[in-house]
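The values are calculated or read from the model by the stated rules, or taken from the named source; none is laboratory data. Worth saying up front: this structure is predicted, and the values here are computed from it rather than measured. Methodologically, a virtual Cβ is constructed for each residue, glycine included, from the backbone with ideal geometry; neighbour enumeration extends over all protein chains shown. Protein only, heavy atoms only, side chains kept; ligands, DNA and RNA dropped before computing areas. Shrake-Rupley method; radii C 1.70, N 1.55, O 1.52, S 1.80 Å.
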Amino acid sequence: MAEENQNIAALMVEERQYPPDPEFTAQANAKPGFYEQDPDAFWEKEGRDRLSWFTDFTTLKEWDRPYARWYLGGKLNACYNCVDRHVENGLGDKVAYHWEGEPVGDKLTITYADLQSRVVRAANGFKSLGIGKGTKVAVYMGMIPEAPVTLLALARIGAPFTFVFGGFSANALGSRMAEMECEYLVTQDAANRRGKAGPLKPVADQAMDMAPTVKTCVTVRRTGTEVELKEGRDRWWHDVVDGQDDDPASCPCEPMDSEDMFFLMFSSGTTGKPKGIVHSTAGYLAGVSTTHYYVFDIKPDTVYWCAADIGWITGHSYIVFGPLVNATTSVMYEGTPDFPDKDRWWDIIERYQVNVLYTAPTSIRTHMKWGDQYAARHDLSSLKVLGSVGEPINPEAWVWYREHIGGGKAPVVDTWWQTENGMILVTPLPGITTLKPGSATRAFPGVQAAVYDESGREIPPGEGAGYMVVKEPWPAMFRGLYNDDQRFKDTYWSTFPDAYLAGDGARVDEDGDFWLMGRIDDVMNVSGHRLSTIEIESALVNHPDVAQAAVVSRSDATTGQAIVAYVTLKDGARGTTEKLAELREHVGTMIGPIAKPANVVFAAELPMTRSGKIMRRLLKDVAENRALGDTTTLADPTVVEEIKARAEAGKED
Ligand code: WTA
């Protein structure tokens, strides 16, 4: 009983398995035997082969827990590695980005040579405004070509940046700029979103009022929406950049130290103040490019599409830096997946013959909810690898993804990692790994992931769930929290003396495969049983009528916590009392009576962040009848109000 109480109950068993296709294995970048390599030798080799160094590194790593340093003594430049050297190596005509604007027909093909010329002009423009090595710059943009161009131009000069996702509020942007003491901001007038122009510059104006260190703001004209330019502070991008020299020699790539701060990515913590996660230069680039190459099986002619937003770590690592270091051809899409119709993604995949699609479970479930007919309109046979990131993927969505998008044969790589990690840490390798829907399978070579119990003992395979940890440093690991060393130590390094605490629940099955179970704070304790929200959600979504489910707990006088499930039904169906009883029974059958939700609230939509995470915190506020917390990252803020209204109506019934 004590044992049972300590570990999170992992009761649901998913038994489907998909061994690798021998044909895929024969051509795969990661071959059998890949896991047997010595981790240090592996990262040493990848660091040398994958990156170009101005000065070679002398020491692979130093680990003075919790401080890691990688590729010591090396000098390099991220922009040089992403752009210039490819042009020098004869790849100038290769496409870097097939950029697709949201308005139909708005397209741009950007070769590596074009990218270089755009980046050099932008870098010269930035320099003319006084940006130099070490100047701190904020970026607040949507998915336009100037977004990667800005990051690369800043990297070229050696200016550390923080890119704040375009869906964030003025308050969020302002506090991040103030925290980093940014002197410059690069933004755009407005961003195209579902056929409308969503203002960015007006939000940036408010944010700058909160961040007095910002002296200059550069604005890209994208939608033509009228914006105010403040004399002495605001400049148009075209005035600053367009007339600049694009000769790479006019703006050489600044040699940076391996450990120089590359960028900050703010991530919301459990408390109000966001954490400024610090990423370094060399370790980050080595980590993201190496994982990108092996996990997505990138070939010289691969067309790759990560459908995230650049404003998240997934976008930094797998739209910009990983793919560009590998000289990959990427698709970049500005808008929403349902504009003008719900087949926009599949249309893009067919037109560009995309080979790899990397997206989030929530997008997959959204497409599932819309129905397979949209994908069926298009030839998706170019797809070879499908990726998932951001949340645990429930087996139903996994199988749908493989069947309806991957033609029943594309391997689905469920990649587990975090903003702090910088790079994918636990993932299948297509060609080697036997896939199990819902499992992120194995730690990437050189990554020492494990699951600990509360006392810090490693839980052996097949013996229940606990805390996801990483025991050894990895190259792209964050180097700390900006100006908050104590929080860095307390949050990640104080729970266990010998490991990094990820904050996720997980278990390792008998075969040694990892199953991620959501955030530790998503764990509920019902009558002394610890249950993970993800398992119950997964059981609900397994029901043929359920499209999405989010499970939270509310306090309960008898059971401690009680389970509340928010459910959207397929085809917009409305919930009934019978359906409610049926769903409770279904969870009872799949997991056990203890996991039956006390309440089921039917909702038309669930509150999601724009990066696709269900905002359980908000649902919890609704369940507990509390005032709503911060909703700034919510994709559609009206959703919660509707749910609240329905939950309250339910109570009155
Ligand atoms: C969750 C996104 C299960 C997890 C790259 C983690 C996942 C948090 C997976 C980090 C996955 C991400 N399976 N859970 N494949 N990928 N997560 O910082 O809870 O935005 O801690 O980084 O997302 O989210 P972040």
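Annotations
- Karplus-based coupling profile of the range 506-518, in residue order and whole Hz: 7, 9, 10, 7, 4, 7, x, 8, 7, 10, 7, 10, x, with θ = phi - 60° in 6.51 cos²θ - 1.76 cosθ + 1.60 and x standing for Gly or Pro.
- Note on residue 636 and residue 31: the model spin-label points, each 7 Å out from Cα along the C-beta direction, lie 4.9 nm apart.
- Label sites at residue 510 and residue 483, each approximated as a point 7 angstrom past Cα along Cα to Cβ, lie 5.4 nm apart.
- Compared with the alpha-carbon gap, the fully stretched path from residue 239 to residue 299 is longer by 17.7 nm at 0.36 nm per residue.
- Computed from the C-beta positions of residue 434 and residue 42 and an R0 of 25 Å, the FRET efficiency is 0.70 to the nearest 0.05.
- Added length on full extension, which subtracts the Cα-Cα distance from 0.36 nm per residue, residue 381 to residue 128: 86.3 nm
- Under 14 Å from a label point set 7 Å out along the Cα-to-Cβ vector of residue 338, the amide N atoms of the range 192-213 belong to 194-196.
- Rounded to the nearest 20 debye, the dipole size of the chain about its Cα centre is 740 debye, using +1 on the Cβ of Lys and Arg and -1 on the Cβ of Asp and Glu.
- Computed from the Cβ-Cβ distance with R0 of 51 Å, the FRET efficiency linking residue 221 to residue 403 stands at 0.75.
- The residue among 313, 225, 477 whose Cα reaches farthest toward the positive pole of the charge dipole of the chain, with charges on the beta-carbon of Lys, Arg, Asp and Glu, is 225.
- Only protein heavy atoms count here; on that basis, with a 1.4 Å probe, residue 610 has an accessible area of about 90 Å².
- Computed from label points 7 Å out along Cα-Cβ, the spacing between residue 594 and residue 373 is 4.4 nm.
- Gain on full stretching of the segment that runs from residue 55 to residue 353 - 0.36 nm per residue minus C-alpha separation: 103.4 nm
- The distance separating the Cα centre of the range 471-547 from that of the range 62-129 comes to 33 Å.
- Residue among 302, 508, 35 farthest towards the positive dipole end of the chain, charges placed on Cβ: 302
- Annotation: peptides 35-46, 544-555, ranked by per-residue average of other Cβ atoms within 10 Å with the highest first, follow the order 544-555, 35-46.
- About its Cα centre, the range 111-195 has a charge dipole of approximately 160 debye under the convention of +1 per Lys or Arg Cβ and -1 per Asp or Glu Cβ, with nothing else charged.
- Based on Cα contacts under 8 Å between residues 6+ apart, the chain shows a relative contact order of 14 percent.
- Förster-model FRET efficiency, 25 Å R0, residue 613 and residue 525, C-beta, rounded to 0.05: 0.65
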